[in-house]
Amino acid sequence: MARKDIFQKPFDDGTLDKLKIFEDYFKEWLPVFIAKQEPIWTEIQIFDLFGGEGKDCNGIYGSPLRILSVLNQNRALLLTSKVKVRVIINEYEKEKYDLLISNIASLSDTSLYTVEVYNDDFSVIFNTHYTSMEKTANFLFLDQNGIKQITEGIFSQLIKLRQTDFLFFISSSFIKRFVELEEFNKYLKITKQDLEGKSYYHIHRIVLSYYRSMIPKSKKYFLAPFSIKKPSGIYGLIFGTNHTLGIEKFLHVCWKHDKLTGEANFDIDNEKIDLAKPGLFAEYNTPNKRQVFEAALKEKIIQKELKTDEDVYLHSLNEGFVLKDANNVLKNLSDEGKLDIDFKLTSSNVHKIKIKSPLKIK
């Protein structure tokens with residue numbers, strides 16, 4: 001499981017996809033906290049704990065410099081905001097850390113935010129700063145190269161935090177290669193049986209299910225995946241948040257990058273659908289994932305498993321679909337004469353629903 005040095009050559013397309021999704025979400029996340037005249041949180045912390053050198057050999061920004069660049073782009077907001085912004089970056093390898101320090105110095109604007117850069121083990125930095133995370137709003141980007149850092153213990157700590165979104169990268173292909181090794185099971189308790197009969201392309205979905213199984217049933221928490229195909233195998237991002245606004249924004253980013261399933265930079269279900277050149281029959285242009293979602297949602301509404309508008313929206317978010325997708329199902333049921341819609345449909349900000357509207361099945 002030796003670590004590869006991705007900075008001695010240009011970022012590959014998969015790495016660029018990963019960085020772009022991270023950056024797009026961070027652009028959505030930041031203004032939520034700094035744009036309010038009277039902020040709920042007076043301090044936010046942004047963590048990048050596997051920072052690398054900061055950019056590749058062609059000068060393309062990695063995650064630490066993308067964080068600083070987005071902050072700099074929000075200069076006007078930051079100058080008037082009452083929110084203190086703290087950036088914590090870590091890189092374990094000394095040679096990379098030295099380059100990272102130089103690259104950060106060339107871009108950071110300490111009149112807008114503070115930057116702390118460390119050269120230490122991930123677990124040391126995470127545990128040192130965990131107490132402060134309990135008191136602030138946080139965004140963590142955990143770009144591990146492998147599988148061993150985001151353990152059950154770390155994951156459990158992350159989901160306990162009050163206002164924290166995280167995005168971590170995991171080498172899903174390692175799971176298929178090393179699942180039978182005793183060393184592997186120190187980090188992830190995924191078994192060979194869990195993988196039986198599953199497509200190699202779907203391995204990241206299995207990883208997501210594993211992490212979902214660790215969320216207490218009484219806890220409302222949202223996870224979403226994005227699978228990334230690279231020359232060396234299947235990798236993936238897992239996003240986590242305890243707030244509906246966070247999952248809404250992340251799913252919008254995912255569907256922007258993958259208009260078929262909202263979860264991969266490749267044809268994850270091998271359906272060979274070309275949205276730019278649709279066929280004559282609509283059913284052949286609709287990904288199976290969407291068909292399954294819509295049919296299941298209709299059934300849950302008709303059988304009264306989902307009883308309010310909020311129930312429908314939360315279910316859709318948990319299934320990886322945005323609110324407008326839920327609205328399409330509600331409208332179809334109404335057109336079919338199976339549902340009375342006497343409430344206002346919403347396409348964003350489900351957290352602003354103050355009064356839940358009951359679904360009236362005919």
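The values are calculated or read from the model by the stated rules, or taken from the named source; none is laboratory data. Computed from a prediction, not measured in an experiment: that's the story for all the values here. We place every Cβ from the backbone using ideal geometry, glycine too, and count neighbours over all the protein chains shown. For the accessible areas, the whole protein counts, side chains as well, though only heavy atoms, and no ligand, DNA or RNA atoms are used. Shrake-Rupley method; radii C 1.70, N 1.55, O 1.52, S 1.80 Å.
Counting only residues that are of a type in the set (Gly, Ala, Ser), more than 13 Å from the chain's Cα centre (by Cα) and part of a strand (DSSP E or B), how many does the stretch 201-236 have? Qualifying residue count for the region: 1. The set of residues in the stretch 190-231 being more than 21 Å from residue 289 (Cβ to Cβ), among the hydroxyl-bearing types (Ser, Thr, Tyr) and either in contact with a helix residue (DSSP H, G or I) (Cβ under 9 Å, 6 or more places away or on another chain) or touching a residue at least 24 places away in the same chain (Cβ under 8 Å) (or both) consists of 191, 221. Only a single item in (1) among the aliphatic types (A, V, I, L, M); (2) in contact (Cβ under 8 Å) with a residue 40 or more places away in the chain; (3) closer than 18 Å to residue 322 by Cβ is not met by residue 234, and it is number (3).
For the stretch 34-48, the criterion of a residue being touching a residue at least 12 places away in the same chain (Cβ under 8 Å) and assigned to a helix (DSSP H, G or I) is satisfied by at least one position.
Selection of the stretch 295-334 for residues being part of a helix (DSSP H, G or I), closer than 21 Å to residue 354 by Cβ and either modelled with pLDDT under 95 or of a type in the set (A, V, I, L, M, F, W, C) (or both) yields 312, 314, 317, 323, 326, 330.
Quick one: in the stretch 201-228, of everything that is touching a strand residue (DSSP E or B) at 6+ places or on another chain (Cβ under 7 Å) and open to solvent by 30 Å² or more (accessible area, probe 1.4 Å), which residue is modelled with the highest pLDDT? The residue in question is 212. The set of residues in the stretch 334-362 being closer than 27 Å to residue 263 by Cα and surrounded by 20 or more Cβ atoms within 10 Å (Cβ to Cβ) consists of 350 alone.
Per-residue answers, yes or no, for (1) of a type outside the set (Asp, Glu); (2) touching a helix residue (DSSP H, G or I) at 6+ places or on another chain (Cβ under 6 Å); (3) modelled with pLDDT of 95 or more:
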| position | (1), (2), (3) |
| --- | --- |
| 71 | yes, no, yes |
| 77 | yes, yes, yes |
| 116 | no, no, yes |
| 125 | yes, no, yes |
| 128 | yes, no, yes |
| 132 | yes, no, yes |
| 150 | yes, no, no |
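For the stretch 303-316, filtering for residues that are touching a strand residue (DSSP E or B) at 6+ places or on another chain (Cβ under 8 Å) and open to solvent by 60 Å² or more (accessible area, probe 1.4 Å) leaves 2.
Residue 254 meets each of the listed conditions (1) at pLDDT 90 or above; (2) outside any helix (DSSP H, G or I) apart from (2). Just one of the listed residues (269, 274) is surrounded by 13 or more Cβ atoms within 10 Å (Cβ to Cβ) and at pLDDT below 85, namely 269.
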